[in-house]
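The values are calculated or read from the model by the stated rules, or taken from the named source; none is laboratory data. This is a predicted model, so every value here is computed, not measured. Glycine gets a Cβ as well: all are built from the backbone with ideal geometry, and neighbour counts include every protein chain shown. Ligands, DNA and RNA are stripped out before the accessible areas are found, and what is left, the full protein with its side chains, is counted by its heavy atoms. Shrake-Rupley method; radii C 1.70, N 1.55, O 1.52, S 1.80 Å.
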Amino acid sequence: MEKRSDLLIRGDARAANRALLRALGLTDSDLEKPFIGVINTWSEINPGHVHLRSLAEATKAGIRIAGGMPFEVNTIALCDGIAQGHLGMRRILPSRNLIADSIELAVEANRFDAIVLLASCDKIVPACWMAAARLDIPAIMITGGPMMPGRFRGEDLVLPAAREAQGRMLRGEISGKEFQEIERCICPGPGSCSMMGTANSTSCLTEVMGLSLPGCGTAHAVDSKKLRIARESGQQIFHNWQKGLKPSQILSLSSLKNAITASMALGGSTNIVLHLLALANELQIPLSLETFDEISRRTPFICNIKPSGKYPMLGLEDAGGVPAVLGELLDLLDLDVLTVTGKTLRENLAGTKNRNPEVVLSRQKPLRQEGGIAILRGSLAPGGAVVKQSAVSEKIMVHTGPARVFENEESAREAVLGSHAKPGEVIVIRYEGPKGGPGMPEMLSVTAALVGMGLSESVSMVTDGRFSGSTRGPCIGHIVPEAQDGGPIALVRNGDLIQIDIPQRRLDLLVPSEELERRKKTWSPPPLKISRGYLKTYAERVSSADKGCI
């Protein structure tokens, strides 16, 4: 069978290439095997990735058993949580594109015949989607799995509780000693944060789209089940290479819509909007914000997982994982799409059972009738905005209030923790979009402060930045056009009334158009905050949020 790697080993002209490969210890028989790249995003400073070396070893063992020749290579993997609330967060979303590019370069330069991609966290998993789609050679993903939940005095806790605890301490709800206890127990070991944040949202959707083996999305980092999945994935990629099964046969508009449907039912992160749009771009498939909203309106929110629900990710794994959720949505899915198992989604789901209806609810008794994410439009966001409606209290789904404007995240957070935010206000944080940030940083430190200060049912927040998957409360992001591009959010002044109506999908600035035109005449874009390096290039070239920040 012809191999891409034959370019490296066939003919007298490739003697030097072969000599270099022999320097690695390869034998004649090794050179005849398909070269399978194991793209490992291991990192010693990222809890979601620190355990990936053991998964890579299991993967390589599976490849060797099946008859392939594995080669492990590495790329960067930044932790959103560690980068949260400081200048490092501006590097997180831009890293997605850089990781995808680095994978492309490594695979093409080394002429791998197939690849297995190991990743866990927020931007790294979508980067692997993008690379797999772009390269279109046989590919399987192994997502690293959630960490175990923290335990504090008999209660399961997930990471946002640590940030919210600061506000609770300031309000006198908990002592300084309890604050320290929460910090020490909340992340008990390796894995992605133990909630339906962006990392686990994208990991679950990897399974839904058929890019990973069944059960991979929720198998926990410390569970030996994950090692078995890694070994089986190594064997499966060899078989997929033999069959010529490529991502272009798996990823389609139908599989993307399946992913959106699953995300709405799961209460997934708003960031999946950016990442699925970016994947659609790689696939050259048209996908718009309207598709997300159409699917949300017909898909109930049924997954009772933190931060929107009651249970950590371990609860979903015990209930049957992604298959248990999909089993409640069968008539909303295209079940005939192909997956990396070589079987259809329908075949993969045969015999699926929901083992805990308190975690995965039925369609007849959902947590909410609509899906987790809503797309808003209006005079403040003519190009669209995104909100995780499953995390918004019914008390503030409709809200009109005066704007309190901040030019960056840091000043807004200080105001909230300093008790300067007042009930009824709408906090506006601008110049934090893809270009203005640059890098569209997450506003988690502000949203956590709002929850901790007891304002999540009385204060709304809008931004051209974005939010973490762990965000709770009426927080609307991804506003297009962003302030740096002269969008209406750049023209908002303190005291302007902003009207939010999530059920009607509206976000409006209640200022006469004539007044906005007057303001626009005196507005000019501020200089970019970064004048050199990768972020400068990113800010100059990045698309808007409604196009996926590609």
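Here are the numbers for the structure shown:
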item	result
Residue within region 513-523 that is modelled with pLDDT of 95 or more, out of contact with any helix residue (DSSP H, G or I) (no Cβ under 7 Å at 6 or more places or on another chain), farther than 30 Å from Ile305 by Cβ and crowded, with 24+ Cβ neighbours inside 10 Å present	no
Gly342 vs. criteria outside any strand (DSSP E or B), at pLDDT below 95, open to solvent by 20 Å² or more (accessible area, probe 1.4 Å) and at positive phi	no
Output for region 167-196, where each listed residue is basic (Lys, Arg) and either surrounded by fewer than 18 Cβ atoms within 10 Å (Cβ to Cβ) or touching a His at 6+ places or on another chain (Cβ under 8 Å) (or both)	Arg171, Lys177, Arg184
In region 442-483, the residues that are modelled with pLDDT under 85, touching an Asp or Glu at 6+ places or on another chain (Cβ under 7 Å) and of a type in the set (Ser, Thr, Tyr)	Ser445, Ser468
Complete set of residues in region 64-97 that are in a helix (DSSP H, G or I) and open to solvent by 60 Å² or more (accessible area, probe 1.4 Å)	Arg64, Ile65, Ile82, Leu87, Arg91
Residues located in region 407-442, provided they are among the β-branched types (Val, Ile, Thr) and touching a helix residue (DSSP H, G or I) at 6+ places or on another chain (Cβ under 8 Å)	Val416, Ile427, Val428, Ile429
Count of region 361-383 residues which are among the small types (Gly, Ala, Ser), surrounded by 19 or more Cβ atoms within 10 Å (Cβ to Cβ) and more than 19 Å from the chain's Cα centre (by Cα)	2
Exclusive hit being in a loop (DSSP other than H, G, I, E, B), more than 30 Å from Gly267 (Cα to Cα) and among the basic types (Lys, Arg), set Arg493, Arg472	Arg493
In region 1-22, the residues that are open to solvent by 50 Å² or more (accessible area, probe 1.4 Å), part of a loop (DSSP other than H, G, I, E, B) and either without any contact (Cβ under 8 Å) to a residue 24 or more places away in the chain or polar (S, T, N, Q) (or both)	Glu2, Arg10
Residue within region 281-290 that is surrounded by fewer than 21 Cβ atoms within 10 Å (Cβ to Cβ), under 17 Å from the mean Cα position of the chain (by Cα) and not charged (D, E, K, R) present	yes
Subset of region 117-161 [assigned to a strand (DSSP E or B), at pLDDT 85 or above and open to solvent by 10 Å² or more (accessible area, probe 1.4 Å)]	Arg151, Phe152, Asp156
Count of region 43-53 residues which are touching a residue at least 24 places away in the same chain (Cβ under 8 Å) and more than 23 Å from Met195 (Cβ to Cβ)	0
Tally, over region 102-111, of residues that are part of a helix (DSSP H, G or I), open to solvent by 10 Å² or more (accessible area, probe 1.4 Å) and in contact (Cβ under 8 Å) with a residue 24 or more places away in the chain	5
Only listed residue being more than 28 Å from Ile182 (Cα to Cα) and open to solvent by 10 Å² or more (accessible area, probe 1.4 Å), chosen from Glu425, Glu457, Glu432, Glu410	Glu425
Set Gly372, Gly383, Gly378: member being in contact with a Ser or Thr (Cβ under 8 Å, 6 or more places away or on another chain), within 19 Å of Arg506 (Cβ to Cβ) and at pLDDT 95 or above	Gly383
Filter result (small (Gly, Ala, Ser), crowded, with 24+ Cβ neighbours inside 10 Å and assigned to a helix (DSSP H, G or I)) within region 197-229	Ala199, Ser201, Ser203
Within region 101-123, tally of residues that are over 16 Å from Ile142 (Cα atoms) and out of contact with any Pro (no Cβ under 8 Å at 6 or more places or on another chain)	11
Qualifying residues in region 482-509 (those that are over 26 Å from His420 (Cα atoms) and among the polar types (S, T, N, Q)) - the one least open to solvent (accessible area, probe 1.4 Å)	Gln484
Scan of region 399-416 for residues that are of a type in the set (Asp, Glu) and at pLDDT 95 or above, ordered by number	none
Which listed residue, of Glu347, Glu317, Glu358, is open to solvent by 50 Å² or more (accessible area, probe 1.4 Å), over 18 Å from Lys257 (Cα atoms) and not in a loop (DSSP other than H, G, I, E, B)	Glu347
Unmet criterion (only one of (1) among the acidic types (Asp, Glu); (2) farther than 30 Å from Cys128 by Cβ; (3) open to solvent by 30 Å² or more (accessible area, probe 1.4 Å)) for Glu164	(3)
Candidate set: region 515-549, residues that are hydroxyl-bearing (Ser, Thr, Tyr) and part of a helix (DSSP H, G or I); chosen: the one farthest from Met89 (Cα to Cα)	Thr537
